[in-house]
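Reading through the structure tokens given below for one structure.
The values are calculated or read from the model by the stated rules, or taken from the named source; none is laboratory data. Here the structure is a predicted model, which is why all the values come from computation and not from measurement. Glycine gets a Cβ as well: all are built from the backbone with ideal geometry, and neighbour counts include every protein chain shown. Heavy atoms of the whole protein, side chains included, go into the accessibility calculation; ligands, DNA and RNA do not. Shrake-Rupley method; radii C 1.70, N 1.55, O 1.52, S 1.80 Å.
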Amino acid sequence: MGCICFKSLRLKPPPSITSTVVDSQDDDNGDDGQYPLIFREFSFEQLRIATDGFSPGNIVSEHDEWVPNTVYKGKLGDGRRIAVKRFQRLSWPDPFEFIKEAEAVGRLRSEHIANLIGYCSDDSERLLVAEFMPNSTLSNHLFHWEKRPMKWQTRLKVALHTAKALEYCNDNGINLYHDLNPYRILFDKVGNPKLSCFGLMKNSHEGKNHSTNLAFAPPEYLRLGTLIPESVTYSFGTLLLDLMSGRHIPPNHALDLFQTKNYLVLVDSALDGQFSDEDRTELVHIASRCLKTEPEERPSIRFLMSTLSRLQRRAELWPTNVKRLMPSSSNKKTKPATEPLQLTPFGDACLRADLCTMHELLEKLGYGADDDVVSNEFSFQMWTGEMQENMDHKNHGDAAFRAKDYDTGIEFYTEFMYGAPTVSPTVLARRCLCYLMTEMFSEALSDAMQAQVASPEWPIPLYLQAACLFKLDMEAEAKEALRHGSALESY
């Protein structure tokens, strides 16, 4: 029943979580709640058979040098579907330490958690076994939707259920959750959100708790390399940002938007009409409190749970067909359409979706602005040793971009951004064009939107969004992006 599904960004989108049945041929049994949640020890041979010999086809997690531990889906002999996390060898050299931590997590039983049901400690092998969640991750449903975006009420439900899961863990003596992010939120057969139990254990006995981009790590982790209970609140704040915006916004950029009260950029435009201005402001406020630099200034999980419960009750009473009454809005939208846009050469190239000209003009922008990405304020020592290697990734990406080798450019730019401590809007712009050249239009649009968040005063991301939207046959939205870009440039 439960699973850690770190799906790849390019996989086919999962079924809608609004459906009550999972559209999957192998879901005819083993996932209907008929199996007791008894924590037990598994043999390595049992898990090898359950996962078809740890077949690559059963991998459901991201796995690379940054995320070395791999999660597989599997099926036991009685038909029960499971998720199996296999740790990298030597991650837990002391089997007694591993078993002790696994047993502590295995005692937890909550309707808001994809519960741990077993472990394996066999020679140098260390594995965890959890309920399988068949409806994928929050990341897929929030960032890579195909038919319709996640509704406001559903997003609040995700936040509330996650807070309830964390509070339950606190009440039962486990007050740390490692690397809380949208991949850690899973959906069961009927679309209920569950917090992955795998995040309740460290990735290794050394306590390397963050495997994702350090730009999203709590400040105290960057300074000291350790987590404290308040660090979970910080990570919960980044999750609230994801839910509000529908994008993965780095906290340092969000804080700039908080200070300027630029809330419209923070909130997904697809949510328009689904909540009151007061509710939006309150959620933005509690997210900003979660992201306070000083741990003692962050709210407790119990406070967050109470606030989110109140917001969800309001959302349930909010009319689903409400439309914001703005009598002059139609005039504001139609009037500019009758006037010729004053576009720069780059804006004009985006209007025509002339990708070759766009490449030529982006080349002329140069690469000097990227240097700030690696000249950052982070003092955590582990970062400095990787800085040069990360810069090499960017340089290789730039070389590929100049040579019009767009697939290679995507590969190296992705490696660079994965390790960069902050977001580079210019690198995002170049990767966006690489995606456009390779006809990956949704990925291109995502990069253009992230570049706008990173640099709100720069018109290039808006023009790039227009080109992406034209490619996605969203002409009205594309023209709106062009108008915003043109207005920003003239301003």
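Yes/no per residue for (1) in the same structural domain as Gln259 (by the TED database); (2) under 20 Å from Asp242 (Cα atoms); (3) of a type in the set (Val, Ile, Thr); (4) surrounded by 20 or more Cβ atoms within 10 Å (Cβ to Cβ):
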site	(1), (2), (3), (4)
Thr426	no, no, yes, yes
Arg431	no, no, no, yes
Val453	no, yes, yes, yes
Pro461	no, yes, no, yes
Glu477	no, no, no, no
(request) Please go through region 251-309 and pick out each residue that is modelled with pLDDT of 85 or more, of a type in the set (D, E, K, R), open to solvent by 60 Å² or more (accessible area, probe 1.4 Å) and over 21 Å from Thr154 (Cα atoms). (result) Arg289, Lys292, Glu294, Glu296, Glu297
(message) Can you find a residue that is free of Cβ contacts under 8 Å to residues at least 40 places away in the same chain and open to solvent by 10 Å² or more (accessible area, probe 1.4 Å) anywhere in region 226-249?
(response) yes
(request) Identify, from the list Leu116, Leu186, Leu142, Leu138, the residue that is open to solvent by less than 10 Å² (accessible area, probe 1.4 Å) and more than 28 Å from Arg310 (Cβ to Cβ). (result) Leu116
(request) Could you list all residues from region 91-102 that are open to solvent by 40 Å² or more (accessible area, probe 1.4 Å) and under 12 Å from Leu200 (Cβ atoms)? (result) Glu101
(request) Name the residue, out of Arg402, Arg431, that is under 20 Å from the mean Cα position of the chain (by Cα) and at pLDDT 90 or above. (result) Arg431
